[in-house]
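Notes for the one structure printed next.
The values are calculated or read from the model by the stated rules, or taken from the named source; none is laboratory data. Note that this is a predicted model, so its numbers are computed, not measured. Cβ coordinates were reconstructed from backbone atoms using ideal geometry, including for glycine residues, and neighbour counts include every protein chain displayed.
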Amino acid sequence: MLTRIKQVALSFTPARYLRGTKYVGAGAVIFDPGGKVLLIKNRLRNSWEYPAGGSDGKESPLETCRREVGEEVGLHLAHYRLIAVDFWHKLTPNGNLLFTFAADVSAEVAATVTPQKLEVSDWRWATRAEAMELIAPRLRPRLVELFDAYDTDKPVYLNTGHPVI
């Protein structure tokens with residue numbers, strides 16, 4: 001029995017262990033007091049999005065969200081709430097897990113947005129209707145669900161932007 005356990009343990013090579021590894025990303029939909037949402041225009045993709053990006057090392061999704069929001073728009077917010085987890089199977093071989101958080105900011109904080117010029121070519125506070133028009137088409141189904149999760153205070157599980165449960 002012990003020999004079999006050793007064989008199984010030794011069979012877990014780094015390649016085998018990592019074969020199911022998923023990319024993890026996180027971001028935030030940030031609302032001002034008037035209910036407008038912060039959008040950034042990603043310089044590399046030339047598309048409107050909400051602040052988000054990939055995890056570095058051993059970061060948790062919330063740590064990733066905080067870092068990305070800080071890097072991309074200069075906001076260092078203390079309070080976020082999870083509103084969605086989205087599994088995208090088409091972006092990488094093993095799929096992506098994308099965590100989206102929500103935050104509310106005061107008018108004073110909203111006025112301090114400082115976009116990082118390397119990644120962000122433009123930014124704005126947009127109404128929900130404007131956001132739906134501007135945002136990258138691949139993100140529209142997700143954005144509808146994010147707004148609903150924010151409004152109802154009920155996190156949602158998505159598969160490629162569409163609700164599963």
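Residues in the stretch 56-107 that are among the hydroxyl-bearing types (Ser, Thr, Tyr) and either on the phi > 0 side of the Ramachandran plot or surrounded by 14 or more Cβ atoms within 10 Å (Cβ to Cβ) (or both): 3 in all. Filtering the stretch 134-154 to residues that are surrounded by fewer than 18 Cβ atoms within 10 Å (Cβ to Cβ) and more than 21 Å from Pro33 (Cα to Cα) leaves Ala136, Pro137, Arg138, Arg140, Pro141.
The set of residues in the stretch 109-142 being acidic (Asp, Glu) and either in a strand (DSSP E or B) or at positive phi (or both) consists of Asp122 alone.
Are any of the residues in the stretch 26-36 assigned to a loop (DSSP other than H, G, I, E, B), in contact with a helix residue (DSSP H, G or I) (Cβ under 7 Å, 6 or more places away or on another chain), at pLDDT 90 or above and within 18 Å of Pro137 (Cα to Cα)? Scanning the stretch 26-36, I find no residue that is assigned to a loop (DSSP other than H, G, I, E, B), in contact with a helix residue (DSSP H, G or I) (Cβ under 7 Å, 6 or more places away or on another chain), at pLDDT 90 or above and within 18 Å of Pro137 (Cα to Cα), so the answer is no. Leu98 passes every criterion in (1) assigned to a strand (DSSP E or B); (2) in contact with a His (Cβ under 6 Å, 6 or more places away or on another chain); (3) not small (Gly, Ala, Ser) apart from (2).
Pairs meeting the criteria (first residue in the stretch 49-66 and closer than 17 Å to Val29 by Cα and charged (D, E, K, R), second residue at pLDDT below 95 and part of a loop (DSSP other than H, G, I, E, B), beta carbons under 7 Å, at least 6 apart or on different chains) are Glu49/Ala136.
Take the conditions (1) modelled with pLDDT under 95; (2) in contact with a Phe, Trp or Tyr (Cβ under 6 Å, 6 or more places away or on another chain); (3) under 20 Å from Ala131 (Cα atoms); Arg45 misses just one of them, which is (2). For the stretch 57-95, filtering for residues that are part of a helix (DSSP H, G or I) and either of a type in the set (Gly, Ala, Ser) or farther than 16 Å from Ile40 by Cα (or both) leaves 5.
Among the residues of the stretch 12-22, at least one is at pLDDT below 95 and in contact with a strand residue (DSSP E or B) (Cβ under 9 Å, 6 or more places away or on another chain).
Residue selection: Asn46 satisfies the criterion of being surrounded by fewer than 20 Cβ atoms within 10 Å (Cβ to Cβ), on the phi > 0 side of the Ramachandran plot and not small (Gly, Ala, Ser).
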